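Worksheet: the structure to be examined is printed underneath.
The values are calculated or read from the model by the stated rules, or taken from the named source; none is laboratory data. The shown structure was predicted, so the numbers you read here are calculated from the model rather than taken from an experiment. Because the Cβ atoms are built from the backbone with ideal geometry, glycine has one as well, and the counts that use them run over all protein chains shown.
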Amino acid sequence: MITDPLFYLLAIPAVTLVGLAKGGFSGLGMIATPLLALVVPPLEGAAILLPILIVQDIISVWNYHRAWSAWNLKVLLPGSVLGVGGGWLFAIYFSNAVIELTIGSIALVFVLQTWFGSWRRAYRGEPPAKPRRPPAAMGIVWGALSGFTSTLVQVGSPPFQIHMLPQRLDKLTLVGTTVIFFAVLNWMKVIPYFALGQFSPRNLATSAVLLPLAVATNFLGFWLVRRTPTEAFYRIAYLLMALIAIALLWQGAHGLG
């Protein structure tokens with residue numbers, strides 16, 4: 001088990017954010033691996049979080065299994081298989097900085113474009129943008145990118161949200177689809193992480209120590225989601241995505257420096 005106090009000073013807020021994310025505020029958990037990467041290698045931090053995520057997934061799927069989008073899972077999950085395989089290979093040969101910069105840039109452009117479009121329509125007195133379903137082919141692409149970045153740094157949410165948010169699904173349907181997608185995705189990552197030698201007794205013991213906090217904050221997330229109005233929920237989702245995009249850009253630039 002890791003005994004460095006500095007590690008736990010960062011791990012406690014990281015796991016708290018992961019718990020809230022698994023409770024339904026998808027996006028908060030993306031901060032977790034960058035936080036841990038300040039004290040342990042990024043892949044090791046991701047491996048410490050993975051057993052925690054799998055336990056939280058079981059709880060979240062049980063809580064949200066009544067509402068989810070079958071069409072979105074059908075297009076996203078096949079792509080995620082390709083992404084996990086690509087992330088496994090990438091982890092063997094390359095650093096994560098370029099991926100963080102790329103995904104951070106894509107996510108930030110997406111959010112700014114969405115906000116700019118909303119402000120322009122409001123200025124012109126036009127109605128809000130109508131919900132739109134993206135092409136299935138793009139769903140496979142975003143699913144692959146989500147699997148790729150999730151394997152490397154546990155940050156699969158930006159590509160996933162770029163696909164999902166414009167559809168303006170019912171709040172609980174969005175959350176249910178999110179937790180099911182990432183539950184399946186996290187199980188896909190178990191074999192690559194074993195192959196990369198990241199499930200050491202030290203890392204697994206550290207995961208076990210942090211697990212009770214993760215479960216408690218998971219239930220706190222359930223409570224918050226059900227008490228947040230749908231419009232506010234979407235505003236929070238876009239804001240979180242912008243903040244994480246900035247964090248990824250900072251982390252990627254730091255990694256290249």
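For this structure, a couple of remarks:
- Considering only residues in region 161-198 that are within 24 Å of residue 51 (Cβ to Cβ) and in a loop (DSSP other than H, G, I, E, B), the one that is modelled with the lowest pLDDT turns out to be 196.
- Pairs where the first residue, in region 62-81, is buried (at least 20 other Cβ atoms within 10 Å of the Cβ) and the second is among the hydrophobic types (A, V, I, L, M, F, W, C) and outside any helix (DSSP H, G or I), C-beta under 7 Å, 6+ apart: 69/169
- For region 142-150, the count of residues that are in contact (Cβ under 8 Å) with a residue 40 or more places away in the chain, part of a helix (DSSP H, G or I) and either within 19 Å of residue 65 (Cα to Cα) or of a type in the set (D, E, K, R) (or both) is zero.
- Any hit, region 188-196, residues being within 15 Å of the chain's Cα centre (by Cα) and charged (D, E, K, R): yes
- Residue in region 121-129 that is closer than 24 Å to residue 64 by Cα, part of a helix (DSSP H, G or I) and modelled with pLDDT under 85 present: no
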